[in-house]
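S.K.: So that we are looking at the same thing, I have put the structure below in structure tokens.
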Amino acid sequence: MSERPHTPLLDTVDTPADLRKLKQEQLRQLSDELRAEMIDAVGTTGGHLGSGLGVVELTTAIHYVFDTPTDKLVWDVGHQCYPHKILTGRRDRIRTLRQGGGLSGFTKRAESEYDPFGAAHSSTSISAALGFAVANKMQQRPGRGIAVIGDGAMSAGMAYEAMNNAEQAGNRLVVILNDNDMSIAPPVGGLSAYLARMVSSSEYLGLRSMASKIARKMGRRVWGGLEKAEEFARGMVTGGTMFEELGFYYVGPIDGHNLDHLIPVLENVRDSEQGPVLIHVVTQKGKGYAPAENSADKYHGVAKFDVVTGEQKKSKGGPPAYQNVFGETLAKLANDDPKICAITAAMPSGTGVDKFAKAHPDKAFDVGIAEQHGVTFAAGLAAEGMRPFAAIYSTFLQRAYDQVVHDVAIQNLPVRFAIDRAGLVGADGCTHAGSFDITYLATLPNMVVMAAADEAELAHMTYTAAKYDDGPIAFRYPRGAGTGVEIPEQLEQLEIGKGRVVREGSKVAILSLGARLEEAKKAADQLEAKGLSTTVADMRFAKPLDTALIEKLMRSHEVVVTVEEGAIGGLGAHVLTFASDEGLTDSGLKVRTMRLPDIFQDQDDPTKQYDEAGLNAPHIVDTVLNALRHNSTGVEEARA
């Protein structure tokens with residue numbers, strides 16, 4: 001008789017409730033199958049790989065021990081959540097990750113009850129988990145708050161603010177520190193595992209509780225002295241003194257890939273009255289997949305790849321990426337200007353600061369996931385005469401808005417903001433889209449705001465910012481490759497607040513800000529084919545506006561359309577305000593503004609995202625034609 005075919009354990013697990021039916025000795029096989037499934041899925045879709053591979057066993061153990069979704073599990077920087085998604089009813093859709101209409105690459109409340117809190121930015125998990133824990137405590141309902149936070153996310157102050165307020169949650173809050181680059185302390189084999197089990201065991205905690213009660217009766221002085229002595233002794237052996245000072249009971253470090261070590265500790269913590277608790281787990285990025293283990297940086301986020309060889313299927317050749325144009329341009333400028341320096345917040349390669357750092361290592365600063373500090377640090381540098389460039393993604397600069405206002409703009413300090421990922425960003429979706437920076441920066445007194453239409457313009461704007469010492473200045477540019485234009489050897493210092501006309505016409509004027517310029521020129525071609533003479537202007541500046549150019553075009557054209565890759569309140573709003581103040585629309589001029597719609601757009605191919613937003617050439621043409629067909633005079637806003 002032939003043997004019955006082997007049924008993968010993963011096929012029997014659709015939810016954590018199914019997982020909890022397995023025997024503990026089966027979890028190693030399940031984790032191996034889970035890891036293989038994740039590798040195959042990300043090989044198909046692309047996405048974040050290394051971090052997820054590092055938490056396969058941890059994910060399995062958490063869902064096995066805790067009562068999710070009653071216990072609320074929050075993943076910090078949710079790109080490590082792919083194994084979690086597979087185990088929580090989404091395996092059948094895992095190959096739609098980061099695709100239009102598919103699963104988000106991060107945790108998302110609308111997707112599953114197992115995603116209680118959306119997390120794509122960093123360092124929010126402890127605050128959110130604390131909120132869940134206290135809410136359940138106040139309502140006398142079961143349920144803990146469990147935060148899994150990577151040590152990179154622990155570089156942000158918000159994590160410590162949350163920990164400093166965690167005591168009120170008691171044993172309902174569990175923080176798991178996923179130390180995935182050995183930056184705090186390595187686990188020390190069997191001894192470390194034994195100590196972690198021992199200090200989290202009910203016997204030890206019971207004895208500790210009894211000793212505390214006796215010591216209290218002996219007086220506050222004795223009790224306080226014994227408590228400090230016990231913490232010190234435990235800290236000498238296991239580490240974690242800092243977390244103890246913040247009010248956490250520290251357990252660890254333990255091997256995050258050894259289920260025989262993980263599960264007893266998690267069970268001890270689950271059943272304990274001690275709390276809040278921090279469990280220090282050491283994992284390896286890319287665990288179980290050799291290419292990712294050997295090159296963690298390159299396999300943090302990947303394109304589609306061959307699972308067997310690990311080779312990523314990236315397109316070869318083509319124009320340079322915008323961030324590389326910025327980094328290389330800034331490095332060249334710093335050769336002649338010793339005051340130039342660069343700051344990034346844990347995104348050196350994403351912002352191009354790595355290119356600068358290679359040429360000028362003593363002038364590049366990676367402050368970690370600490371945008372607030374980074375902006376104020378740049379303000380301090382500027383106040384002392386340096387020329388700092390704060391290179392921060394648009395979506396991450398939101399985290400430091402108060403510092404931009406209070407520490408930079410009010411003091412009129414010449415900090416240069418290089419704003420990457422402006423506009424829509426494709427597979428990363430709404431959490432990473434650069435939708436709001438024009439609006440939130442152009443509203444500030446003293447601020448200059450530029451937007452690059454192509455890579456040559458980006459180089460000119462980098463040079464212009466380096467030369468501008470009169471106050472803060474920002475320039476934004478999109479994600480991905482440029483348009484292929486040649487970057488001149490001799491860069492131009494742009495006149496502040498002056499745009500350029502790239503095409504002359506007489507009936508329709510398209511005022512473009514940023515990387516929609518190519519679509520504006522395509523629209524002009526299509527309008528010309530319909531007999532509508534069209535001017536295209538690259539405004540370059542959202543603030544200050546080129547009011548002379550705007551007035552000239554409004555007085556000489558029948559229709560004026562503004563186009564930008566930003567939310568309402570940006571270029572279009574400023575142009576309309578100027579036109580209203582000057583009475584330029586009183587003669588029947590038709591003005592239309594085109595911008596991102598008032599929604600958070602989900603992930604998709606960027607071209608499809610801009611189709612949804614109504615910002616491609618056909619939409620510009622339709623906006624013009626509808627304006628010309630409109631019988632009434634005055635001002636309207638085109639609806640995307």
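S.K.: Taking K and R as +1 and D and E as -1, what net charge do the other residues with C-beta under 9 Å from the C-beta of GLY499 add up to?
M.R.: Working: positive: LYS498, ARG500, ARG540; negative: ASP538, ASP546.
That works out to +1.
S.K.: Tell me the mean residue ellipticity at 222 nm calculated for the chain from its helices only (DSSP H runs of n ≥ 4, each -39500 (n - 2.57), averaged over every residue, nearest 500).
M.R.: Result for the chain: -11500 deg cm²/dmol, rounded to the nearest 500.
S.K.: Oh, and also: Most exposed first by the Cβ proxy, i.e. fewest other Cβ within 10 Å, how do ARG144, ARG555 rank?
M.R.: Working: ARG144 26, ARG555 10.
Exposure proxy ranking, most exposed first: ARG555, ARG144.
S.K.: Still on this structure: Loop only by DSSP, 14 or fewer other Cβ within 10 Å of the Cβ. Give me the trypsin sites (Lys or Arg not before Pro) in the stretch 406-511 that pass, ordered by residue number.
M.R.: LYS498
S.K.: Counting other Cβ atoms within 10 Å of each Cβ, which GluC sites (Glu not before Pro) in the stretch 51-144 have at most 13 and sit in a DSSP loop?
M.R.: GLU113
S.K.: Want the number for GLU504 to THR44: 0.36 nm per residue separation, take away the alpha-carbon distance, what's left?
M.R.: Gain on extension, GLU504 to THR44, equals 160.9 nm.
S.K.: For every other residue with a beta carbon closer than 13 angstrom to the beta carbon of PRO338, add +1 if it is Lys or Arg and -1 if Asp or Glu, then tell me the sum.
M.R.: Overall, the nearby charge balance is 0.
S.K.: Nearest 0.05, what FRET efficiency do ASP622 and GLN26 give at R0 = 51 Å with Cβ-Cβ as r?
M.R.: 0.30
S.K.: If you place +1 on the Cβ of every Lys and Arg, -1 on the Cβ of every Asp and Glu, and leave all else neutral, what size is the dipole of the stretch 500-629 about its Cα centre, to the nearest 20 Debye?
M.R.: 460
S.K.: Over the chain, one equal point on each Cα, no solvent: what is log10 I(q)/I(0) by the Debye formula at q = 0.05, 0.06 Å⁻¹?
M.R.: With no solvent term, the Cα-only Debye profile gives -0.28, -0.39.
S.K.: Using alpha carbons only, how many angstrom separate the centre of the stretch 526-559 from the centre of the stretch 392-427?
M.R.: With the stretch 526-559 and the stretch 392-427 each reduced to a Cα centre, they are spaced 28 Å.
S.K.: What does the charge count near THR376 come to, summing +1 for each Lys or Arg and -1 for each Asp or Glu among other residues with Cβ under 14 Å from its Cβ?
M.R.: On the way: positive: ARG399; negative: GLU371, GLU384, ASP402, ASP407.
Surrounding charge for THR376 is -3.
S.K.: Just need the relative contact order of the stretch 119-184 here, percent rounded to a whole number, with Cα pairs under 8 Å and 6+ apart.
M.R.: The normalised contact order for the stretch 119-184 reaches 41 percent.
S.K.: With label points built 7 Å along Cα→Cβ from the Cα atoms of LYS467 and GLU582, find their separation and express it in nm.
M.R.: Label at LYS467, label at GLU582, 2.5 nm between them.
S.K.: Can you tell me the 0 to 90 degree angle between the C-alpha axis of helix 259-271 and the longest principal axis of the chain, rounded to 10?
M.R.: Compared with the principal axis, the helix lies near 90 degrees.
S.K.: In addition: Apply 1/(1 + (r/R0)^6) to the Cβ-Cβ distance of THR15 and ASN165, taking R0 = 35 Å, and write down the FRET efficiency to the nearest 0.05. Let's see the in-between values first.
M.R.: Values: r = 33 Å, r/R0 = 0.93.
Taking R0 as 35 Å, the efficiency between THR15 and ASN165 is 0.60.
S.K.: A follow-up question, please. Just check the stretch 322-476 against the gyration tensor rule for me: Cα atoms, a ≥ b ≥ c as the square roots of the eigenvalues, rounded for a/c under 1.5, and otherwise prolate or oblate depending on whether a/b exceeds b/c.
M.R.: rounded
S.K.: Relative contact order (percent) for the stretch 290-433, with alpha-carbon contacts under 8 angstrom and 6 or more residues of separation?
M.R.: Once normalised by length, the contact order is 18 percent.
S.K.: Let me ask something else. Between the stretch 138-159 and the stretch 450-502, what's the alpha-carbon centroid distance in Å?
M.R.: Here the two parts' Cα centres lie 42 Å apart.
S.K.: Place +1 on the Cβ of every Lys and Arg and -1 on the Cβ of every Asp and Glu in the stretch 500-629, take the dipole about the Cα centre, and give the residue among LEU628, LEU571, ALA613 whose Cα lies farthest towards its positive end.
M.R.: LEU628
S.K.: Still on this model: Placing +1 at every Lys and Arg Cβ and -1 at every Asp and Glu Cβ, with all other atoms neutral, what dipole size does the chain have around its Cα centre, in debye to the nearest 20? Walk me through the numbers on the way to the answer.
M.R.: Details: 66 positive and 82 negative charges, 206 e Å.
For the chain, the charge dipole is close to 1000 debye.
S.K.: Here's another thing I want to ask about it. Please determine, in degrees from 0 to 90 and to the nearest 10, the orientation of helix 56-65 with respect to the longest principal axis defined by the Cα atoms of the chain, where the helix direction is its Cα long axis.
M.R.: 60
S.K.: How far is helix 27-45 tilted, in degrees, relative to the longest principal axis of the Cα atoms in the chain, given as a value from 0 to 90 rounded to the nearest 10?
M.R.: The angle comes out at about 10 degrees.
S.K.: Please work out whether the stretch 500-629 counts as rounded, prolate or oblate from its C-alpha gyration tensor, where a ≥ b ≥ c are the square roots of the eigenvalues and a/c under 1.5 means rounded, while otherwise a/b larger than b/c means prolate and anything else oblate?
M.R.: oblate
S.K.: Only bridges whose two residues both fall in the chain count here: according to DSSP, what percent of them are antiparallel, nearest 5?
M.R.: For the chain, the DSSP antiparallel bridge percentage is about 15.
S.K.: Another question, then. Sorted by average packing, counted as other Cβ atoms within 10 angstrom per residue and highest first, what order do 345-354, 606-615, 19-28 take?
M.R.: Ranked from most to least packed, the peptides come out as 345-354, 606-615, 19-28.
S.K.: I'd like the distance between the alpha-carbon centres of the stretch 248-264 and the stretch 330-353, rounded to an integer number of Å.
M.R.: The stretch 248-264 and the stretch 330-353 have Cα centres separated by 40 Å.
S.K.: Would you mind checking the pairs LYS332/LYS543; LYS21/LYS137; LYS72/LYS137; LYS507/LYS590; LYS72/LYS287 and listing those with alpha carbons more than 21 angstrom apart?
M.R.: Those over the limit are LYS332/LYS543; LYS21/LYS137; LYS72/LYS287.
S.K.: For the stretch 1-144, compute the orientation-averaged projected area of the C-alpha convex hull (one quarter of its surface), in nm².
M.R.: 9.9
Read-outs throughout are calculated quantities, based only on the coordinates presented, and are distinct from any laboratory measurement. Keep in mind the model is a prediction, meaning the values are calculated, not measured. Virtual Cβ from ideal backbone geometry, glycine too; neighbours counted across all protein chains shown.
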